[in-house]
Amino acid sequence: MLILACYAKRLWPALLLLLAACATTPSLTAPEGKDVSLVFGHIDMSEAPSDLHWVTMQRLRPVTDTPYYSFWVVDGTFFRINVPAGTYKFTKFGGHSGWKNTSYTYGFPSQGQSKLDRRIDRPGLYYAGSWKYRKVKTGFFQTGKFDVEASGTPSELELLQKMLPYADHPHWKQMIEQRIRELKK
Amino acid sequence: MKHVRGVLLCLLMGLAAAGCVSGKPHLESLNELQSGDIVLVGRIELVPPLNPKEQQLDTATSGRFRGMAHALVSDRRFDLDDLPISAGSHALFIELGKDYYIRQPRQSPLYYSGSLILLRSSASYSGYMNRNVTIDHGQIKLPGKLKYVIPPGARAVYLGTLRYHRNDYNAITRTEYIDDYARASREFARRFGGRVVLQKVSPPRAP
């Protein structure tokens, strides 16, 4: 046991390095094209059985071969760049519960416009809102259900400030800073 | 909003609930008709029509649902949001935008509870040795709640064209009933001969 503990102590820094390498740090890099946007929002998962690890959005119009867009997620805040003009629908989000060792996927209805869905007409910043996960009561043998309610917190301004350190390219940095100035007026 | 967990059993049930089960196939010949059977003729259209790229059908046999719909036509009424697993045996498996010819036991009245179009069916694997399989599905629901009174003695009945208009989010914004009996009758005679006459039923009513 003692030998194992010694090995574990020696391996600990290496394990940390490995974990750090696996994690991806968001980076708002150079825009791919002129007419692309930044989409962002927040989901408070404090009432959910898991945290928020990923969010997926689908481009409905124009129809494309590669319709799915994934987001960076930092503490419930999701954001991504290089979103071209079109009609978009948030399809799924998910996360992991460490103590249950279970991954969860939460699906939005595939038909109709949900509260988060946006139409992107011009390049810019698109705020999908700040939402709170709410569990909907169902029967014992029924599939679990959820809803998202507008929470208003964190505000759009707070989310922009949170994203700003990741804006490595001046295109996005200027865009975020300009919007921050507008919101502070 | 649905909260889907990666449990295969639940998702298989979900697939069944989505109508992704076998439906009654097309009639190829009137010889298939048994005494007590009738032929249902009609059409379901989606406007704008479904682009093949809109259907992400990646699981084993889901490719056969491309451009197809399950229409629930039966002597029973169903709630599209709460379908029993047995609903599949009441479904007609039809191609969107084309006439259907389906054999059905004679029942009157017949209820059209709506249709389901499979939009997405994909599988993802996780866990040790990929033991956990998650099947994700999504569908467009076409509302129904219509009642057809079948004339006594009829062998083939025309149910009309149901044209569903949708928006970019696949929400149904308008439904039209179109009487295209003259064309459908000509096509029926060309396909099956004049042995059985296609009869027009009254326009559908709400049950």
> Out of segment B:154-183, which residues are touching a Gly at 6+ places or on another chain (Cβ under 8 Å) and under 19 Å from B:Pro49 (Cβ atoms)?
Replying inline: B:Gly160, B:Thr161, B:Leu162, B:Tyr169, B:Asn170, B:Ala171, B:Tyr177, B:Ile178, B:Asp180
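Just for segment A:104-114: of the residues that are at the interface with chain B (Cβ under 7 Å from one of its Cβ atoms) and among the small types (Gly, Ala, Ser), which one is surrounded by the fewest Cβ atoms within 10 Å (Cβ to Cβ)?
In the first step, residues of segment A:104-114 are kept if they are at the interface with chain B (Cβ under 7 Å from one of its Cβ atoms); the result is A:104-113.
Applying the additional criterion that residues be among the small types (Gly, Ala, Ser) yields A:107, A:110, A:112.
Numbers: A:Gly107: 20, A:Ser110: 22, A:Gly112: 15.
Going through the qualifying residues, I end up with A:Gly112.
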> Filtering segment A:89-103 down to residues that are at the interface with chain B (Cβ under 10 Å from one of its Cβ atoms) and modelled with pLDDT of 90 or more, which residue is surrounded by the fewest Cβ atoms within 10 Å (Cβ to Cβ)?
Replying inline: A:Lys92
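Taking the condition of being within 10 Å of the chain's Cα centre (by Cα) and over 20 Å from B:Ser121 (Cβ atoms), how many residues in segment A:71-94 meet it?
Number of matching residues: 10.
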> For A:Asp117, all conditions in the list (1) within 24 Å of A:Pro26 (Cα to Cα); (2) away from every other protein chain (no Cβ under 14 Å); (3) in contact with a Ser or Thr (Cβ under 9 Å, 6 or more places away or on another chain) hold save one; what is the number of the exception?
Replying inline: (2)
> Across segment B:75-88, which residue is surrounded by the most Cβ atoms within 10 Å (Cβ to Cβ) among those that are of a type outside the set (A, V, I, L, M, F, W, C) and under 22 Å from A:Thr143 (Cβ atoms)?
Replying inline: B:Gly88
>> Tally up the residues in segment A:131-151 that are in contact with a Ser or Thr (Cβ under 9 Å, 6 or more places away or on another chain) and surrounded by 13 or more Cβ atoms within 10 Å (Cβ to Cβ), please.
In response: 7
> Within segment B:121-141, is there a residue that is in contact with a Phe, Trp or Tyr (Cβ under 6 Å, 6 or more places away or on another chain) and modelled with pLDDT of 95 or more?
Replying inline: no
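When you look at B:Leu50, is it part of a loop (DSSP other than H, G, I, E, B), within 14 Å of chain A (Cβ to nearest Cβ) and not hydroxyl-bearing (Ser, Thr, Tyr), yes or no?
Working: part of a loop (DSSP other than H, G, I, E, B): yes; within 14 Å of chain A (Cβ to nearest Cβ): yes; not hydroxyl-bearing (Ser, Thr, Tyr): yes.
Taking the combined requirement at face value, the residue satisfies it.
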> Going through segment A:131-151 one residue at a time, which ones are more than 10 Å from chain B (Cβ to nearest Cβ) and among the small types (Gly, Ala, Ser)?
Replying inline: A:Gly139, A:Ala150, A:Ser151
>> Is it the case, given these coordinates, that A:Asp65 is at pLDDT 95 or above and acidic (Asp, Glu)?
In response: no
> Checking B:Pro84 against (1) away from chain A (no Cβ under 14 Å); (2) modelled with pLDDT under 90, which single condition isn't satisfied?
Replying inline: (1)
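Any residue at all in segment A:78-96 that is hydrophobic (A, V, I, L, M, F, W, C), closer than 16 Å to A:Ser50 by Cα and in a strand (DSSP E or B)? Write out each step before concluding.
Within segment A:78-96, the first condition is being hydrophobic (A, V, I, L, M, F, W, C), and the residues that meet it are A:78-79, A:81, A:83, A:85, A:90, A:93.
Subset that is closer than 16 Å to A:Ser50 by Cα: A:78, A:93.
Checking the rest, the ones that are also in a strand (DSSP E or B) come to A:78, A:93.
For segment A:78-96, residues hydrophobic (A, V, I, L, M, F, W, C), closer than 16 Å to A:Ser50 by Cα and in a strand (DSSP E or B): present.
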> Are any residues in segment A:152-164 more than 16 Å from the chain's Cα centre (by Cα) and surrounded by 13 or more Cβ atoms within 10 Å (Cβ to Cβ), and if so, which ones?
Replying inline: A:Leu157
>> With the requirement that a residue be under 21 Å from B:Leu162 (Cα atoms), assigned to a loop (DSSP other than H, G, I, E, B) and among the aliphatic types (A, V, I, L, M), what does segment B:81-97 give you?
In response: B:Leu96
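Of all residues in segment B:42-53, count the ones that are surrounded by fewer than 18 Cβ atoms within 10 Å (Cβ to Cβ) and not basic (Lys, Arg). Steps first, answer last, please.
Going residue by residue through segment B:42-53, those that are surrounded by fewer than 18 Cβ atoms within 10 Å (Cβ to Cβ) are B:45, B:47-49, B:51-53.
With the extra rule that they be not basic (Lys, Arg), the set shrinks to B:45, B:47-49, B:51-52.
The qualifying residues number 6.
I want to confirm something. Restricting to segment B:96-120 and keeping residues that are hydroxyl-bearing (Ser, Thr, Tyr) and under 15 Å from B:Asp75 (Cα atoms), which single residue is surrounded by the most Cβ atoms within 10 Å (Cβ to Cβ)?
Looking only at segment B:96-120, we keep the residues that are hydroxyl-bearing (Ser, Thr, Tyr), and these are B:100-101, B:108, B:111-113, B:115.
Now drop any that are not under 15 Å from B:Asp75 (Cα atoms), which leaves B:108, B:111-113.
Numbers: B:Ser108: 15, B:Tyr111: 21, B:Tyr112: 26, B:Ser113: 23.
Looking at the filtered set, the residue picked out is B:Tyr112.
Taking A:Leu183 as the residue in question, decide whether it is under 28 Å from A:Ala48 (Cα atoms), outside any strand (DSSP E or B) and modelled with pLDDT of 95 or more. Outline the logic, then answer.
Details: under 28 Å from A:Ala48 (Cα atoms): no; outside any strand (DSSP E or B): yes; modelled with pLDDT of 95 or more: yes.
Answer is no for this residue.
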> Restricting to segment A:41-77, what's the tally of residues that are among the charged types (D, E, K, R) and closer than 24 Å to A:Glu149 by Cβ?
Replying inline: 4
> Within the bounds of segment A:121-130, is there any residue that is of a type in the set (Lys, Arg), surrounded by fewer than 17 Cβ atoms within 10 Å (Cβ to Cβ) and within 13 Å of chain B (Cβ to nearest Cβ)?
Replying inline: no
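The values are calculated or read from the model by the stated rules, or taken from the named source; none is laboratory data. Because the structure is a prediction, the values reported are computed rather than measured. For neighbour counting, all protein chains shown are included, and Cβ atoms are generated from backbone atoms with ideal geometry for every residue, glycine included.
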